[in-house]
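Taking it in order: structure first as structure tokens, then the write-up.
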Amino acid sequence: MNVALRRRFRFRGHIAGVGSASGVRIVVGRWVDGPLGTFGDAMTS
């Protein structure tokens, strides 16, 4: 990708994660400011 076409997005908020010995991971985030507005998300693996 052409470096001149790249655009950096900044988000402000909080993120927390936890993992288990068996390999399960959970991450949750709350973003209060950014190009997508205010939102929350959760991820598992």
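The values are calculated or read from the model by the stated rules, or taken from the named source; none is laboratory data. Because the structure is a prediction, the values reported are computed rather than measured. Glycine gets a Cβ as well: all are built from the backbone with ideal geometry, and neighbour counts include every protein chain shown.
Go through the chain and count every residue that is of a type outside the set (V, I, T) and assigned to a strand (DSSP E or B).
Step one: filter the chain for residues of a type outside the set (V, I, T), giving 1-2, 4-14, 16-17, 19-23, 25, 29-31, 33-37, 39-43, 45.
Add one more test, that the residue is assigned to a strand (DSSP E or B), and what stays is 12-14, 16-17, 19, 25, 29-31, 33, 39-43.
So the answer is 16.
Quick one: is F39 free of Cβ contacts under 8 Å to residues at least 12 places away in the same chain, surrounded by 10 or more Cβ atoms within 10 Å (Cβ to Cβ) and of a type in the set (F, W, Y)? Walk me through it before giving the result.
Numbers: free of Cβ contacts under 8 Å to residues at least 12 places away in the same chain: yes; surrounded by 10 or more Cβ atoms within 10 Å (Cβ to Cβ): yes; of a type in the set (F, W, Y): yes.
Criteria met by F39.
Which of the residues belonging to segment 8-31 are in contact with a Lys or Arg (Cβ under 6 Å, 6 or more places away or on another chain) and modelled with pLDDT under 95? So that I can check it myself, show each step before the final result.
Going residue by residue through segment 8-31, those that are in contact with a Lys or Arg (Cβ under 6 Å, 6 or more places away or on another chain) are 13-14, 19.
Correct list: empty.
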